[in-house]
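The values are calculated or read from the model by the stated rules, or taken from the named source; none is laboratory data. Given the structure is predicted, the values throughout are model-derived calculations rather than measurements. Cβ atoms come from the backbone with ideal geometry, glycine included; neighbour counts cover every protein chain shown.
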Amino acid sequence: MKPLETTDAPEQPGIGFADHALLASGPLASGLYLVATPIGNLEDITLRALRILRSVDRIACEDTRQTRKLLNHFAISTPTLSCHEHNERERATELLGAMQRGERVALVSDAGMPGISDPGVWLVKAALEAAIPVIPIPGANAAVTALVASGLPTERFRFYGFLPEKSGARRTALETIATALREQPEPATTLIFYEAPHRILDTLADLRAIWGDALPIVVARELTKLHEEFLRGPVATVQFQMAAQERVRGEITLLLTPPQLIPADAGEDLLTSLTRLQQAEKLSEKDALKQLARLRGQSKSEVYRELQRLRATPPRRH
């Protein structure tokens, strides 16, 4: 892909790499700068990000203590203030006023790109509505970093962020995704989630129940850090490997590619649908019946009774 610009000000088109030194020494335009920070390894911050953080008037941080560690490491003394999920809307009023007076504001999260499973969406929307320039400063991102090294399809992917914390809500969320993919099949698509270490084993158990033991998954842990780890394989195998660890630590990115299921024919009977679903997704009869109940809009008991009637009916002789 051909690079277009290296400028931080939208009104300066057509600037090439040879002009970088000139830009670095020039004034920084007023606006909101979305600055990606390292997800682990401090060397992953970009030269542009460091220049922006040194040049802005203030830095809005998800956690000022966490960001101060990064700033101290690179000897950056720019003032900071908090901007997190609990105060973002209130803080936006203050920051918008500052930018309307000509100030330059950088927004950072604790790690990665602000706005991706982190605060920032509300502030960006408010800035755009106020006609304030919003300038992204790209960099590290856990989802994309894990995807490109996963070995799973990369042409199509969906990012879901963190799954619900409570087991029932998490299972429902995954089942809803599975049902939607069955009702509208599409080319191989990689699904990407973030998950906490203390919930990962339960989440893998949910995946086994919904898509079967053979579901291909990747667990990417501690990305870019000293103990970076990729576990690849069928979900049952990966769950066994993780359960054998004394303790699971670190931030986790979970990736999977659901099997492609051919939609049921309109005239297909329950027994045929059940057999096809079990074979396609390596499901137990119980889990396959639950999936069929959702697809048919029936209760599990209704589907089970229909199955019992079909099995009790002698086959026709021709």
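Data for the structure
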| quantity | calculated |
| --- | --- |
| The lone exception for Thr253 - which of (1) part of a strand (DSSP E or B); (2) of a type outside the set (A, V, I, L, M); (3) surrounded by fewer than 18 Cβ atoms within 10 Å (Cβ to Cβ) it fails | (3) |
| Residue identified as at pLDDT below 95, crowded, with 19+ Cβ neighbours inside 10 Å and under 22 Å from Val121 (Cβ atoms) among Glu90, Glu62 | Glu62 |
| Only listed residue being in a loop (DSSP other than H, G, I, E, B), at pLDDT 90 or above and more than 18 Å from Phe159 (Cα to Cα), chosen from Val248, Val238 | Val248 |
| Looking only at the stretch 281-318, and only at residues there that are among the small types (Gly, Ala, Ser) and crowded, with 16+ Cβ neighbours inside 10 Å, the one that is modelled with the highest pLDDT | Ala288 |
| Residue that is surrounded by the most Cβ atoms within 10 Å (Cβ to Cβ) [pool: residues in the stretch 190-236 that are among the basic types (Lys, Arg) and within 19 Å of Phe162 (Cβ to Cβ)] | Arg221 |
| Extreme residue, nearest to the chain's Cα centre (by Cα), among residues of the stretch 176-190 that are assigned to a loop (DSSP other than H, G, I, E, B) and among the polar types (S, T, N, Q) | Thr189 |
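Yes/no matrix, rows are residues, columns are (1) surrounded by 13 or more Cβ atoms within 10 Å (Cβ to Cβ); (2) touching a strand residue (DSSP E or B) at 6+ places or on another chain (Cβ under 6 Å):
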residue	(1), (2)
Gly139	yes, no
Pro153	yes, yes
Gly168	no, no
Thr176	no, no
Ala180	no, no
Glu186	no, no
